[in-house]
2 protein chains.
Amino acid sequence: MSIRRTHPGRPRLVPSSTAAPPREQVLHAAAQLFVTKGFAATSTREIADRVGIRQASLYYHFTSKDEILAELLERSVRPTVDRIDQIEQLTASTSPEAALYLLALVDIHTLAEAPDNIGMLATHPDVTSSDAFDAFRSVRAELAEAYGRMATRAATPGVAAAAEQGHLGEMLMHLVEVTTRLRSSGVPIDDATAGLIASTCLRACGIPDSRIAAAASAATPLVGDRHSRTASP
Amino acid sequence: MSIRRTHPGRPRLVPSSTAAPPREQVLHAAAQLFVTKGFAATSTREIADRVGIRQASLYYHFTSKDEILAELLERSVRPTVDRIDQIEQLTASTSPEAALYLLALVDIHTLAEAPDNIGMLATHPDVTSSDAFDAFRSVRAELAEAYGRMATRAATPGVAAAAEQGHLGEMLMHLVEVTTRLRSSGVPIDDATAGLIASTCLRACGIPDSRIAAAASAATPLVGDRHSRTASP
């Protein structure tokens, strides 16, 4: 992202002729600052400065810094959660393994495409300690439950017996979140990397490689158009 | 941890007769604040207040808030890294699977025992963005490399061919770090949970359950006395 300075001290993220709507610019600038400096250390003044608007204009779009973070966090999980029902219905027509593989792939894409790697913020103290993010935490819990349910369905009897559904779900969700770490290390989340992470989820459920290959073949064409999964503004 | 007020407004964490050394009290109070409020939002004044000492006394032990966090982060990884050589030597006498299982178990114990779940802080922007934590990041990279090396040795040929060593190491380390998430959700990191996480690491390497059971039997007695792995102050 290049910064063009229109006036001294008033950097704009993008030339105004091609600029995203101001609300999106605020979200983008805030995500960059939250991820690099942390949430608490970032002020709404800094966010406004980076966009090149006055602080009052920022408050026209958002009532608080919490609201900005809540919206960003929502975007790191909502596109996945919105597809859970559809993915679970696949279990009937394909296999539980293919459904779990697809859930992982969709989640990896959501995390890979979330602006400025904001998925990294999900477990930060600022988020876990404040009730301003209750709604996000409850959506996230919904995703963890889906992982647990679908993993238990796909797992070998040995793994299903050894792992409590909730813990298995938490582990797989955490495993997929390595996407944010690889991304922040500069590793491109290409098809090979996404496939590796999704396959590892299935291996964690005890599924042998021969069945993983079949699950990957069944699931990959179903990931779908990425744009259709973009969170609404 | 009960708080006994010796003077109004001067809470002490523990009665002074049984108190930990002041330096440890500072670390403990700081860990609690960093994990619940975040690093940036915590002042050295607050840390001193919580211990019941003056801010000047805190600066007798630590030159900065960064130094406190660096020490805490070190304790979330150093006890594991200090055992890497010993664990790798096991590969000769037992099996690569047993060695990897043991690395995971040792790491799970380190994260489970780190004061106030400070392992959670490792990926926070405050840590990843500041060069004050370069030393920690390099120790952590050492651990990721060990995971990659030992996982590649233990993995089935199919997994070893599919997963680049660095990415496999990062994934397994991230998987084990679910310990901090389960811990913050109130899940006790008992032997069953630790065994589940370590087994999942082996499954992620394609190792079948029969061999995982053997690896667990070989590795578990070698975890050793937890106290011997406590970081030096």
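The values are calculated or read from the model by the stated rules, or taken from the named source; none is laboratory data. Worth saying up front: this structure is predicted, and the values here are computed from it rather than measured. Glycine also receives a Cβ, built like all others from the backbone with ideal geometry; neighbour counts cover every protein chain displayed. Only protein heavy atoms, including side chains, enter the accessible area calculation; ligands, DNA and RNA are left aside. Shrake-Rupley method; radii C 1.70, N 1.55, O 1.52, S 1.80 Å.
Do the sum for chain A: with -39,500 (n - 2.57) for every DSSP H run of n ≥ 4, divided by all residues, what is the mean residue ellipticity at 222 nm, to the nearest 500 deg cm²/dmol?
-19000 deg cm²/dmol
Taking beta carbons within 10 Å but only from partner chains, what does the mean come to for residues B:158-164?
Taking all residues of B:158-164 together, the mean is 4.
Treating the beta-carbon of each Lys and Arg as +1 and of each Asp and Glu as -1, no other charges, what is the dipole magnitude of region B:134-215 about its Cα centre, to the nearest 20 debye?
Its charge dipole is roughly 80 debye.
Relative contact order of chain B: what whole-number percent is it, with Cα pairs under 8 angstrom and at least 6 residues apart?
Details: 280 pairs, mean separation 50.0, N = 233.
So the answer I get is 21 percent.
Ignoring everything but the protein chains, give the 1.4 Å probe accessible area of A:Thr123 in square angstrom, nearest 10.
Per-residue accessible area (A:Thr123): approximately 30 Å².
Evaluate the charge dipole of the protein assembly as shown about its Cα centre and quote only its size in Debye, nearest 20, assuming +1 on the Cβ of each Lys and Arg and -1 on the Cβ of each Asp and Glu. Please list the in-between numbers first.
Values: 46 positive and 52 negative charges, 249 e Å.
Charge dipole of the protein assembly as shown: 1200 debye, to the nearest 20.
Roughly how crowded by other chains is peptide A:31-40, in terms of the mean Cβ count from those chains within 10 Å of each of its Cβ atoms? List each step's numbers first, then the result.
On the way: counts 0, 0, 1, 1, 3, 3, 5, 11, 6, 8.
Mean number of neighbouring Cβ atoms from other chains: 4.
As I understand it, the value is the acute angle between the Cα axis of helix A:165-176 and the longest principal axis of the Cα atoms of chain A; what does it come to in degrees, rounded to 10?
Compared with the principal axis, the helix lies near 50 degrees.
Quick check: convex hull over the Cα atoms of region B:73-228, volume per residue in Å³, rounded to an integer?
Dividing the Cα hull volume of region B:73-228 by its residue count gives 109 Å³.
Residues of region B:188-205 that become at least 20 Å² less accessible with every protein chain present than in their own chain isolated, using 1.4 Å: which are they?
Flagged in region B:188-205: B:Leu196, B:Thr200, B:Arg203, B:Ala204.
About the Cα centre of chain B, how large is the charge dipole given +1 on each Lys and Arg Cβ and -1 on each Asp and Glu Cβ? Please answer in debye to the nearest 20.
900 debye
By how many nm would the segment from B:Ser93 to B:Asp191 grow when fully extended, if each residue of separation counts as 0.36 nm and the alpha-carbon distance is taken off?
On the way: separation 98, 0.36 × 98 = 35.28 nm, distance 2.42 nm.
So the extension gain works out to 32.9 nm.
For chain B, build the charge dipole from Cβ charges (+1 Lys, Arg; -1 Asp, Glu) around the Cα centre, then report which of B:Ile53, B:Ile197, B:His124 sits farthest towards its positive end.
After comparing all options, I get B:Ile53.
Å³ per residue of the Cα convex hull, for region B:41-101?
Output value, Cα hull per residue: 115 Å³.
Give me the inter-chain shielding for B:177-186: mean count of other chain Cβ atoms within 10 Å, whole number please.
On the way: counts 6, 8, 2, 2, 9, 5, 0, 3, 6, 0.
Shielding by partners across B:177-186 averages 4.
Could you give the angle, 0 to 90 degrees to the nearest 10, between helix A:209-219's Cα long axis and the longest principal axis of the Cα atoms of chain A?
50 degrees
Round to the nearest 10 and give me the degree value, 0 to 90, for the angle of helix B:84-93's Cα axis relative to the longest principal axis of chain B.
The helix B:84-93 is inclined about 20 degrees to chain B.
From the P(r) of the protein assembly as shown, could you give the percentage of C-alpha pairs in the tail past 31 Å?
Of all Cα-Cα distances in the protein assembly as shown, 45 percent exceed 31 Å.
Tell me, what is the FRET efficiency for A:Thr44 and B:Ser64 to the nearest 0.05, using R0 = 22 angstrom and their Cβ-Cβ distance as r?
0.20
What nm value, rounded to one decimal, do you get for the distance between B:Glu145 and A:Ala135 when each label is placed 7 Å out toward the C-beta?
About 4.6 nm separates the two model spin labels.
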